Amino acid sequence: MGACTAKETEMIPPYPPRKLYQPRNGLKPAISHSHKVYASVHVNGDGTIPYPSDKKLGKDRRLSPFDLLSDDLVVKIFSYLPTDQLCKCACVDRRWYDLSWEPHLWTQIEMSNENLDIDRVLRILTWRLSRETPNVCLMLERIKLSGCEKLTNRGLHVIAKRCPELTTLEVAGCYNITNEALYEVVSRCPNLQHLDITGCPCITCIALTPEATMRACPLHGKQISLQYLDMTDCYGLEDAGLRVIASNCRELTRLYLRRCVRITDLGVQYVASNCAMLKEFSVSDCRRVTDFGIRELAKLGAQLRYLSVVHCDQVTDVGIKSLTKYCGKLRYLNIRGCELVTDTGVEYLARQCNKLRSLDIGKCSLVTDRGLEVLALNCPLLKKLSLKSCERITDRGVQMIAANCTDLQMLNIQDCKISTEAYRFVKRHCKRCIIEHTNPGFC
């Protein structure tokens, strides 16, 4: 995979090698914006990036005012173009071709095309970008390929081999990739901090390759430097795999395991014990998580700021009490669908976490106005509150919230028995509040 085929090299015009671009006149290199490649990108039917032919270069064409601009200014202008336009610029003439491939313009590549032969595109692009620095793309830091369904392990191997400075990789919805290729990426990209593998069901673990582990790799120290990991809908993930992830990724600050339905309290325990820096955690729709798992999360203490346990219907007031006792700096809590949580749990939360900003207790049918009153008196900084389908909530509870939480920005009262008077009361006291409701009489 290191050398291009004859067919691929024929696509590159026979220009003499160009030296790495050095800004003149004291100007700093331009840093590009996100380079997005969608269906309109200038890509051939076989997935290759087109290059200008001699005919397209137009040796006899007239000079335009643009031709009078210095290379510095042209590169600066190019830095604001998305990738599809940048590729088109490469087809204008030889000068534009050379300038459009300056490494400074390629710190990020973003592609979203389910029909694109993305493996081939990656091979061509990274090969072209590594011409000045053989075999590696030193400027490329972020690759976002979410929605490129044809991505396979071959494409990830190209990234691992040619992008050693990679810090961000997003491959959401690329359901063909497996553990093997991902191991290669995290082993050969020591700066990787952000990884999104949402909707990749074949991914069941993240670890260094055996070779990297045996070397006692000085780049890693046998650790993976990930800080952000989203494994939403990786439904093949089990507690054993999560244990390996937690032990290898101790620097994680944000971890999302939504709908990883095989995860249990044991997996949550592994996370709490190994990832002491964790600030945000989600096990939404992981119905096997119970109060025991919540109690384990309490070990994170004041570090934990965001927690989502949506539809974890075995979580009760006992778990909420354990959590709030030690996680007093919690800012966001989503317990929607935890039907065993009552006013008692809401009261524990309100009294211990009085800096709460966002709370979702939708479908917690046992919560009443009593719980809302304690919440209103203890959490005046609340900005978002969802009471959707809380059947026991009445005007009294909603009005207490509005009177005490005047900075409220979002209130969801869908399917609640709230009158027009209470609705107007909220609008009067919370001027910036957006109210979500299902009552046509409120409009």
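The values are calculated or read from the model by the stated rules, or taken from the named source; none is laboratory data. The model shown is predicted, which means the values in this text are computed figures rather than measured ones. All Cβ positions, glycine included, derive from the backbone under ideal geometry; neighbour counts span all protein chains shown. To get the accessible areas, we keep the full protein, side chains included, count just its heavy atoms, and leave off ligands, DNA and RNA. Shrake-Rupley method; radii C 1.70, N 1.55, O 1.52, S 1.80 Å.
Go through 282, 247, 308 for me and flag whichever is more than 24 Å from residue 167 (Cα to Cα), out of contact with any Asp or Glu (no Cβ under 8 Å at 6 or more places or on another chain) and open to solvent by less than 50 Å² (accessible area, probe 1.4 Å). Talk me through it step by step, then tell me what you get.
On the way: 282 fails: more than 24 Å from residue 167 (Cα to Cα); 247 fails: more than 24 Å from residue 167 (Cα to Cα).
Selected residue: 308, the only one of 282, 247, 308 that is more than 24 Å from residue 167 (Cα to Cα), out of contact with any Asp or Glu (no Cβ under 8 Å at 6 or more places or on another chain) and open to solvent by less than 50 Å² (accessible area, probe 1.4 Å).
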- line: For residue 389, the lone unmet condition from (1) under 27 Å from residue 314 (Cβ atoms); (2) small (Gly, Ala, Ser); (3) more than 35 Å from the chain's Cα centre (by Cα); (4) open to solvent by 10 Å² or more (accessible area, probe 1.4 Å) is (3)
task: Specify the residue that is farthest from residue 133 (Cα to Cα); the eligible residues are those in segment 78-105 that are of a type in the set (S, T, N, Q) and free of Cβ contacts under 8 Å to residues at least 40 places away in the same chain.
output: 85
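Can you pull out the residues in segment 57-77 that are closer than 20 Å to residue 131 by Cβ and at pLDDT below 90?
Taking segment 57-77 first, the residues closer than 20 Å to residue 131 by Cβ are 57, 71, 74-75.
Answer for segment 57-77, where residues must be closer than 20 Å to residue 131 by Cβ and at pLDDT below 90: just 57.
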message: Show me the helices (runs of 4 or more DSSP H) entirely contained within segment 68-179 in which 3 or more residues are under 29 Å from residue 197 (Cβ atoms).
response: 83-89, 118-129, 153-162
task: Say whether the condition of being touching a His at 6+ places or on another chain (Cβ under 9 Å) and closer than 20 Å to residue 136 by Cβ is met by at least one residue in segment 190-201.
output: yes
statement: (1) of a type in the set (Gly, Ala, Ser); (2) in contact with an Asp or Glu (Cβ under 7 Å, 6 or more places away or on another chain); (3) farther than 20 Å from residue 430 by Cα all hold for residue 328 apart from (2)
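If I filter segment 411-435 down to residues being β-branched (Val, Ile, Thr) and more than 21 Å from residue 368 (Cβ to Cβ), which single residue comes out as most open to solvent (accessible area, probe 1.4 Å)? Spell out the reasoning first.
First, pick out the residues of segment 411-435 that are β-branched (Val, Ile, Thr): 413, 418, 420, 426, 434-435.
This time we only want the ones that are more than 21 Å from residue 368 (Cβ to Cβ), so: 420, 434.
Values: 420: 41, 434: 112 Å².
So the residue we want is 434.
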Per-region count, segment 156-186, residues over 17 Å from the mean Cα position of the chain (by Cα), open to solvent by less than 10 Å² (accessible area, probe 1.4 Å) and more than 16 Å from residue 142 (Cα to Cα): 2
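Condition check: part of a loop (DSSP other than H, G, I, E, B), closer than 21 Å to residue 166 by Cβ and in contact with a His (Cβ under 7 Å, 6 or more places away or on another chain). Does residue 208 satisfy that?
The answer is yes for residue 208.
Which residue is most open to solvent (accessible area, probe 1.4 Å), if the candidates are limited to segment 113-140 and must be among the polar types (S, T, N, Q) and under 25 Å from the mean Cα position of the chain (by Cα)?
First, pick out the residues of segment 113-140 that are among the polar types (S, T, N, Q): 113, 115, 126, 130, 133, 135.
Okay, now just the ones that are also under 25 Å from the mean Cα position of the chain (by Cα), so 113, 115, 126.
Numbers: 113: 28, 115: 109, 126: 2 Å².
Among those residues, the one meeting the criterion is 115.
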message: For the list (1) surrounded by fewer than 23 Cβ atoms within 10 Å (Cβ to Cβ); (2) over 22 Å from residue 166 (Cβ atoms); (3) not acidic (Asp, Glu), I need the number of the one condition that residue 232 fails.
response: (2)
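Condition check: crowded, with 19+ Cβ neighbours inside 10 Å, at pLDDT 95 or above and under 20 Å from residue 293 (Cα atoms). Does residue 199 satisfy that?
Details: crowded, with 19+ Cβ neighbours inside 10 Å: yes; at pLDDT 95 or above: yes; under 20 Å from residue 293 (Cα atoms): no.
Answer is no for this residue.
Do any helices (runs of 4 or more DSSP H) entirely within segment 214-310 hold 1 or more residues that are closer than 25 Å to residue 199 by Cα and in the same structural domain as residue 349 (by the TED database), and if so, which? If you could, list the steps in order and put the result at the bottom.
Numbers: elements: 239-248, 265-274, 291-297.
Answer list for segment 214-310: none.
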